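Enquirer: I am attaching a structure below and will ask some questions about it afterwards.
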Amino acid sequence: MKNDINVRKLHNAGISHTTAKATYMRRFEDPRNTLAAERTKRPCKRFFAGYCKFQLLCNFGHYTEKQLKQLEKIVSQLKKKRFKMKKSFQQNKKRNLPPSLQFMNLAKLKKTNLELDWG
């Protein structure tokens, strides 16, 4: 490819580059968002017939029922994991930490007299 700004702009705006970028970025998407989006789509006739040139940019779904169930399972596991992490965070709050690392008690802070005479 010619190293020219206009050629690069055309390439980056093209369908092949856009689908490759979407495929790459799809790895980092939250499975909950992917599941919600795929549930609303109707199945893609082209994809299930063999080939859909739009790939991830297609307005129709490319997931089979089996794949959607696997995605639902992943989402439920993530929910459980997040709940466990939240629970362990709350338990760690109760540990004896040095004063600089302890969580601030706002009620106690409001009672504090901040107007001190420094001598």
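The values are calculated or read from the model by the stated rules, or taken from the named source; none is laboratory data. Since the structure is predicted, the reported quantities are computational estimates derived from the model, not experimental observations. For neighbour counting, all protein chains shown are included, and Cβ atoms are generated from backbone atoms with ideal geometry for every residue, glycine included.
Enquirer: Taking the stretch 3-32, which residues are among the aromatic types (F, W, Y) and loosely packed, with under 10 Cβ neighbours inside 10 Å?
Expert: Once the filter is applied, which keeps residues that are among the aromatic types (F, W, Y) and loosely packed, with under 10 Cβ neighbours inside 10 Å, the stretch 3-32 yields only F28.
Enquirer: Report every pair of residues separated by at least 6 positions or lying on different chains whose Cβ atoms are under 6 Å apart, first residue within the stretch 4-33 and among the polar types (S, T, N, Q), second assigned to a helix (DSSP H, G or I) and surrounded by 11 or more Cβ atoms within 10 Å (Cβ to Cβ).
Expert: Cβ pairs passing all conditions: T19/Q55; T19/L57; T23/L56.
Enquirer: Take the stretch 53-69 and flag every residue that is surrounded by 13 or more Cβ atoms within 10 Å (Cβ to Cβ) and modelled with pLDDT of 90 or more.
Expert: Across the stretch 53-69, the qualifying residues are F60, G61, H62, Y63, L68.
Enquirer: Which is at pLDDT below 85, surrounded by fewer than 10 Cβ atoms within 10 Å (Cβ to Cβ), within 22 Å of the chain's Cα centre (by Cα) and not acidic (D, E), of F83, F89, F103?
Expert: Exactly one of F83, F89, F103 is at pLDDT below 85, surrounded by fewer than 10 Cβ atoms within 10 Å (Cβ to Cβ), within 22 Å of the chain's Cα centre (by Cα) and not acidic (D, E), namely F89.
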